[in-house]
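A short write-up of the structure that comes next.
The values are calculated or read from the model by the stated rules, or taken from the named source; none is laboratory data. Keep in mind the model is a prediction, meaning the values are calculated, not measured. Cβ placement follows ideal geometry from the backbone for every residue including glycine, while neighbour counts extend to all protein chains displayed. To get the accessible areas, we keep the full protein, side chains included, count just its heavy atoms, and leave off ligands, DNA and RNA. Shrake-Rupley method; radii C 1.70, N 1.55, O 1.52, S 1.80 Å.
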Amino acid sequence: MSENAVLRLRAQRLARATRPFLARGNRVLRCQRCLLPQKNCLCATLQPQQARSRFCLVMFDSEPMKPSNTGRLIADILPDTLAFGWSRTEPDAAMLAAVNTGDYQPVVVFPAAYADADRTVLTHPPIDGKPPLFIMLDGTWSEARKMFRKSPWLDRFPVMSLNVSTPSRYTLREAHGVGQHCTAEVAAALLAQAGDATAAAALQQHFEHFRHAYLAGKPHHPVHAQQTDF
């Protein structure tokens, strides 16, 4: 199974660790690629796609190592996805080069309510001109807000404020508020609105498979008894 940027970032983060990272359910034997229980591994089901749009994940410290992370699902489906660890004081030089390459239209995916009054805010992905580069801040809600506030290099890019009308199906972590969606759900909606319908459908399907497999390893989860059809 091929690597992707999130897997490489996870390997780098593990190499720097001074003690083992113990996520919830750390006693479960997991596939070291998809981080699901080995009996529920999804690696053989992956169907990578091509898309005009591209994603750049800016991931908070330990996020690449969490089994519940959905940012890596984007990289599973779109292998050219970029992923970098976030640093307030020393942003990754390769990340800065990637978002300033000139080959894409970078936009920061974040709610408009947090943008300054003079900041350009988009409510639909750019369709004309260069392909969009969706910069997604991947972490808990408080971590994402911190990254948004304390990353001056983001200030020159428009904010992409997406309205997802369907309720979130992400039940692996507690949502900060009603109407919030996980990273993969937002990415699938962005792809659909940007005209990348095939990639959007593939990512949504991969997310549903991941969600089902994750919850299958948690027999006491309140939604475990619900039937999911694929």
Residue under evaluation Ala115, criteria (1) touching a residue at least 60 places away in the same chain (Cβ under 8 Å); (2) open to solvent by less than 80 Å² (accessible area, probe 1.4 Å); (3) farther than 13 Å from Arg54 by Cα, criterion not met = (1)
remark   = Over segment 50-89, the set of residues of a type outside the set (Val, Ile, Thr) and free of Cβ contacts under 8 Å to residues at least 12 places away in the same chain is Ser87
message = Could you go through segment 159-168 and let me know if any residue there is more than 30 Å from Tyr214 (Cα to Cα) and out of contact with any His (no Cβ under 8 Å at 6 or more places or on another chain).
response = yes
message = Which pairs turn up if I take residues in segment 147-171 that are within 19 Å of Phe207 (Cβ to Cβ) and among the small types (Gly, Ala, Ser) and look for partners that are at pLDDT below 95 and open to solvent by 40 Å² or more (accessible area, probe 1.4 Å) with beta carbon separation below 6 Å, at least 6 apart in sequence or on another chain?
response = Ser168/His181
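Matching residues to (1) at pLDDT 70 or above; (2) in a helix (DSSP H, G or I):
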residue	(1), (2)
His124	yes, no
Glu143	yes, yes
Trp153	yes, yes
Asp229	no, no
message = When the residues of segment 38-71 are narrowed to those that are over 12 Å from the mean Cα position of the chain (by Cα) and of a type in the set (Ser, Thr, Tyr), which ends up surrounded by the most Cβ atoms within 10 Å (Cβ to Cβ)?
response = Ser53
